[in-house]
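Note sheet for the following structure.
Read the figures in this text as sums done on the coordinates, not as results from a lab. Predicted model, so just to flag it, every value in this text is computed and none were measured. Virtual Cβ from ideal backbone geometry, glycine too; neighbours counted across all protein chains shown.
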Amino acid sequence: MAVAYDDLDPKTMRRSPGVTYQELLDEDSHKVPDVLRLESPKDMGLNEFPVSRYTSREWFDKEVERLWKKVWQYTCREDEISEPGDHYRYDIAGMSFLVVRTETGEIKAYPNACRHRGRLLKEHDGNAPELRCAFHGFCWHLDGTLSDIPADWDFPQIDHDNFNLPELPVATWEGFVFINPDQNCAPFEDFVKDLADQFKRWNPGSLAKVAHVAKVMRCNWKVAQEAFCEAYHVNGTHPQILRSLGDVNSQIDIWENCARVITPGGTSSPLLDYQVSEDDMLRATMDLAYDAEVPQIPEGMNVRAFLARQTREQLRPMAGDRVDEYCDAEIVDSLDYTLFPNFHPWGAFNGIVYRFRPNGNDHRSAIMECIMLGPYQGERPAPAKIHWLKEDETWSSALGFLGKVFDQDAFNMPKVQAGLESTYSDGVVLSGYQEAKVRWLHHKLTEWVGE
Amino acid sequence: MPTLTHPFDPETFYELTEDGHIRVSKGDAEGFFTREGVHVSGAIRHADPQLCVWVGNNPGDANQQMKEGATTINAKRSDPRA
Ligand code: FES
Ligand SMILES: [Fe+2]
């Protein structure tokens, strides 16, 4: 089923002028891990993808049937359901599921629906000794076996041994719990393999969830997601960071089920036609005024090494000496991975995990979430609870500087949707290399959903 | 909020005014814009909307909370799914 793409030769392929990402790694003050030396550029063609993927109800319905009902998807962190009886409600495209910690410590997932007349079993996350429906009181044990039917003399048709909650496939990876609504799906291990191999070194399971922010965005879920899948938009959307970001020097790598965009920090954009001073690079990184004082970079040290050194010391109280094992690139660059279809963990201590999904059954609105993972000392802190932003609340009000950047992305989203509804074009145009992750996502969608 | 210059146009300054507008200036010319880059007054009639979004966006104490890395953004909102 999978599409095979031709490999590109990183030495000869078409690329942006300026330093390459691999050349930047050569200057690193620390040993660069093998995972950053991987290069996997692919020739995936230059075709357009239909605008209807974002605007048509019919396409959305196909997406639900062929993708959301079939694919492995991230639900919650293991430590959000750490005690027996803890349950988490996961909703996708109008369907609801319950992820439950059982008495024996296993994690199970069920459709969030009572087998009597269909009410949601649990509308909120929480803890309960059993799964009792609030409508007529049908009840199941945490392990999904039937426990009680009030006045069961009136249901002679129900065989108690055969009235369990249907179980869905569940898997965990690095503290993330995945489910698949398809009981006959392919194994998770194959699905996650490419990503898992590359994340071994970073071990995100050792990090705690320190923030979780969500907001409904007025656009198709892919409009929101794709805003975070390339760095090409930085010149238009985040101009203030061009002096300290190698936007179009990003390295994009494509594997079967995952892809990544690595964007270097502490280097200036090749789109600027003048030499950027080190001071201006620091100002752009730290969001300082055009004339603000900046720290002095020691003689012989480059900006990337300097920024990495500072960040290592900020991280050290929480992360310990592990910070010394991480090279400058791991500290300073954006290592933005995507596991198809909608899970986006960043590498190293970047700590960001994005998730994008349809908002209920609406193909014109999406739920965007940002989860932040962070290192800790001593006992594992309780996972941060989800914080829903209202329509008029900014991302910056919850996430500070990072949220300010999202607010610029969010500023585009409803206008992209409105433009897609208005365009006379049949397709969206994507670049060959810089937007390769978006292209890969669409090829995957073709594979799962169809043209 | 710091005064920034546009990387593609380093002679042009963007700053947040006390009444919440963005003042854009170049030499002796100036213009005032909303936080979404809509022209309000002044001779400069066009500004980069995204730089207005940036300069007008004040995270308040959220920046400090994030730096402290704690789980301080608590769930003060109810879940709209319910
Ligand atoms: S330049 Fe990309 S959408 Fe307009
Ligand atoms: Fe962005």
Binned Cα-Cα distances of segment A:327-395, short to long, each 10 Å bin given as a whole percent: 16, 38, 35, 10, 1
Mean projected area in nm² (Cα convex hull; one quarter of hull surface) for the protein assembly as shown: 27.0 nm²
Cα centre as origin, Lys/Arg/Asp/Glu Cβ charges: chain A dipole, Debye: 740 debye
DSSP-loop GluC sites (Glu not before Pro) across segment A:77-134, with at most 12 other Cβ within 10 angstrom: A:Glu103, A:Glu106, A:Glu130
Coordinate range along principal axes, alpha carbons of segment A:321-437, Å, largest first: 56, 36, 25
Per chain A, cysteines lacking a partner by the 4.7 Å Cβ criterion: A:Cys76, A:Cys139, A:Cys185, A:Cys219, A:Cys229, A:Cys258, A:Cys327, A:Cys370
Solution diffusion estimate, µm²/s, Stokes-Einstein, segment A:73-179, Kirkwood Rh from C-alpha pairs, 20 °C, viscosity 1.002 mPa s: 153 µm²/s
Debye intensity ratio in log₁₀ form over the Cα atoms of segment A:158-298, taken at each q of 0.09 Å⁻¹: -0.49
Counting DSSP beta bridges with both ends in the protein assembly as shown, the antiparallel % (nearest 5): 95 percent
Cα principal axis extents for segment B:3-56, largest first, Å: 23, 21, 18
Segment A:240-309 pair-distance distribution - Cα-Cα, 10 Å bins, rounded %: 20, 45, 24, 9, 2
Phi-based couplings in Hz for segment B:29-41 (Karplus 6.51, -1.76, 1.60; Gly and Pro marked x): 8, 8, x, 10, 9, 6, 5, 9, x, 8, 5, 10, 7
Lysines whose Cα lies under 27 Å from that of A:Lys437, excluding same-chain neighbours fewer than 8 positions away: A:Lys11, A:Lys42, A:Lys62, A:Lys69, A:Lys70, A:Lys193, A:Lys200, A:Lys209, A:Lys215, A:Lys222, A:Lys404, A:Lys415
Range in chain A, longest, excluding exposed chymotrypsin sites (Phe, Trp or Tyr not before Pro) [loop by DSSP; at most 10 other beta-carbon atoms within 10 Å]: A:1-273
Estimated [θ] at 222 nm from DSSP helical runs (n ≥ 4, -39500 (n - 2.57)) normalised by residues in chain A, nearest 500: -7500 deg cm²/dmol
When the convex hull of its Cα atoms is projected in every direction, mean area for segment A:1-53 (nm²): 6.4 nm²
If the convex hull is drawn through the Cα atoms of segment A:1-111, its volume per residue in Å³: 225 Å³
